[in-house]
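Working notes, beginning with the structure itself.
The values are calculated or read from the model by the stated rules, or taken from the named source; none is laboratory data. Remember, it's a predicted structure, so these values are computed and weren't measured experimentally. Cβ atoms come from the backbone with ideal geometry, glycine included; neighbour counts cover every protein chain shown. Just the protein is used for accessible areas: all its heavy atoms, side chains included, with ligands, DNA and RNA removed. Shrake-Rupley method; radii C 1.70, N 1.55, O 1.52, S 1.80 Å.
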Amino acid sequence: MAGFVRVVDILDGAHDGAKVRVRGWLYNKRSSGGIQFLSVRDGTAVVQCTLNRRDLGEEVFREVEGLPLESTVVLEGVVNVDERAPDGREVSVASVVETVAAMLDFPITKQEHGVEFLMDNRHLYVRNPRIQAVMRIRAKFMEVARGWFRDHDYTETQSPMFITAACEGGSTLFNVEYFEREGVYLSQSWQLYAEAMISTLGKIYTIAPSFRAEPSRTRRHLSEFWHLEVEEPWQDLAGITAVGDELVAHIGHTLAREMPRELRLVGRDPEDLLALETPFPRVSYDEAVEIVQSEGVDMYWGDDFGWQQEGPLTKRFDTPFWIVGFPTGIKPFYHLPNPERPDVTMSADLMAPEGYGEIIGGGQRVHEYEQLLSRIDEDGLDPEDYSWYVDLRRWGTVPHSGFGLGVERVVMWMCKLDHIRDAVPFPRDMRRIVP
Ligand code: 4AD
Ligand code: MG
């Protein structure tokens, strides 16, 4: 019995009937008669450990009984399959090897706490098993995405976080004090730099933070979020949305297969994700507006979708779906106007079902020099700010496309969370920057 076993492996049945050594934090406890039930969290999951006064003797039993929550324990015992235990398995403790008592009054108790209280204590609340499960799913998400890109011949590359030219419009830019220089901001998207890098690396992706000074307080906006972005030369709208299909379905299927216990713990039936089928449906922007209107929600052609519109629209679907062809007036300058119908762009957003809404935004880029200059002008931007970006159209420009996927948005949907803040360990929004 060398070393310690992982709690998650106990729950997965790897040690049934075996004598094991477990270490962890005392997450919860209760006692009844001569028995104590300890919930022990080891960084992989939480397992119930049962102590019997008769077996351990009065002194040890008392010592453990006096341990405050979040004390650390080292226990030895046998793994029993027991339907009454929370995950169908428990450790029947034969000896208490070591305990280190925490201080009294861990602030998070079994009672109901308000959201503000839990957010103020986020540094402690991250120990909650639900948050733990989401963060493990999030980690797997990143790993699976990287694996998919590796298997499909993409190269990972990075862009700077300090930037001078807005990608997604000026209204959500964070200003940065950057030595003596004015007009420095935090990146909203790697895209403009990605368009430079495709000429040297071909198909590329990144997973990095993006920043948006979102003045709105909603359940799906963060001011700092993780952005998975893709850019490809010689790629059109149909091709890039197919990439989104395959990537999202692959991530969903793999999470369902590899993390079913964590998904169930957070309230998502893994079958929902296994059922993802590609290609996801395509709905034109025009049709989507009609659907929203038919639901009795205010919207005119040319408006963007807010959550008031996306909610009723996405509740109609039980699969992700693309909205294709957004009006040129509501998309940034880099979107390629449809050559057959210049009032709309070759753009597409992927919507998650069940009211979750936009998880991907992207499309085909303007690749011709003159057209790009006039789009910059029409958007009222200063061409000076974009001079290096325009250079990319002078030498070796090709049709190209890409998209950005909000990692927390997808985790939120796949984990069926009510609020985006629980898809990231330490959320940042308009009002929250501590802890
Ligand atoms: O639709 P967006 O703004 O598109 C872009 O930034 C493109 N330049 C991406 C590209 O083509 N390379 O953002 C892309 C995605 C959204 O669909 C959403 O999932 C997520 O990023 N996102 C946010 N997630 C959380 N909080 C916010 N404030 C977000 N803003 C965008
Ligand atoms: Mg968008």
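Across 106, 179, 317, mean-square fluctuation computed from a Gaussian network of the chain (C-alpha pairs under 10 Å connected) peaks at 179. Relative protection proxy for 293-299, 45-51, 77-83, from highest mean packing down: 45-51, 77-83, 293-299 (other beta-carbon atoms within 10 angstrom).
The peptide list 326-336, 30-40, put in order of mean Cβ contacts within 10 Å with the highest first, becomes 326-336, 30-40. Shape class of the stretch 225-343 from the Cα gyration tensor (axes a ≥ b ≥ c, square roots of the eigenvalues): oblate, since a/c reaches 1.5 or more and a/b does not exceed b/c.
In terms of the mean number of neighbouring beta-carbon atoms within 10 Å, the peptides 62-75, 402-415 order highest first as 402-415, 62-75.
Long hydrophobic helices in the chain: the complete DSSP H runs spanning 20 Å or more by Cα along their own axis with mean Kyte-Doolittle hydropathy of at least -0.5 are 129-151, 237-258. Straight-line cross-link partners of residue 29 among the lysines, defined as a Cα under 24 Å from its Cα and at least 8 positions apart when in the same chain: 19, 110. Among the GluC sites (Glu not before Pro) found in the stretch 109-180, those both in a DSSP coil and sparsely packed, with 16 or fewer other Cβ atoms within 10 Å of their Cβ, are 112, 177, 180.
Annotation: amide H of residue 94 within the under-5 Å range of 76, 77, 78, sequence separation 5 or more or interchain, hydrogens built in the peptide plane.
Summarising the amide proton neighbourhood of residue 224: residues at separation of 5 or more, or on other chains, whose placed amide H is nearer than 5 Å comprise 212, 428. Per-residue 3J(HN,Hα) values for the stretch 316-326, derived from phi via the Karplus relation 6.51 cos²θ - 1.76 cosθ + 1.60 with θ = phi - 60°, read 6, 10, 10, 9, x, 8, 9, 9, 10, x, 6 Hz in sequence order (x marks Gly and Pro).
In units of the compact-protein estimate 2.2 N^0.38 Å, the stretch 369-418 shows a Cα radius of gyration of 1.77.
Just add up the charged neighbours of residue 152: K/R +1, D/E -1, any other residue whose Cβ is under 9 Å from the Cβ of residue 152.
Details: positive: 150, 203; negative: 151, 153, 246.
The answer is -1.
Over the chain, with the other protein chains present, what is the accessible area per residue in square angstrom, probe 1.4 angstrom?
Values: 20610 Å² over 435 residues.
About 47 Å² of surface per residue is accessible.
Rolling a 1.4 Å probe over the protein heavy atoms of the chain, with every protein chain left in place, gives an accessible area that is 50 percent carbon and sulfur. Per-residue Karplus couplings for the stretch 343-352, computed as 6.51 cos²θ - 1.76 cosθ + 1.60 with θ equal to phi - 60°, are listed in order as 6, 10, 9, 7, 10, 7, 10, 8, 9, 8 Hz, Gly and Pro entered as x. Near residue 184, the amide H atoms lying under 5 Å from its own belong to 176; only residues 5 or more places off or on other chains count, and H is placed 1.01 Å from N. Here the Karplus curve 6.51 cos²θ - 1.76 cosθ + 1.60, taken at θ = phi - 60°, turns the phi angles of the stretch 327-340 into couplings of x, 4, x, 10, 10, x, 3, 7, 6, 6, x, 5, x, 8 Hz, with x standing for Gly and Pro.
Counting only the Cα atoms, the chain fills a convex hull of 177 Å³ per residue. Give the Kirkwood hydrodynamic radius (Å, one decimal) of the stretch 306-362, defined as one over the mean of 1/r across all pairs of different Cα atoms. Hydrodynamic radius (Kirkwood, Cα pairs) of the stretch 306-362 is 11.8 Å. Under 17 Å of direct C-alpha separation, and excluding same-chain neighbours fewer than eight residues apart, residue 416 reaches these lysines: 140, 315. Note on the stretch 37-182: Cα convex hull, mean projected area over all directions, 16.1 nm².
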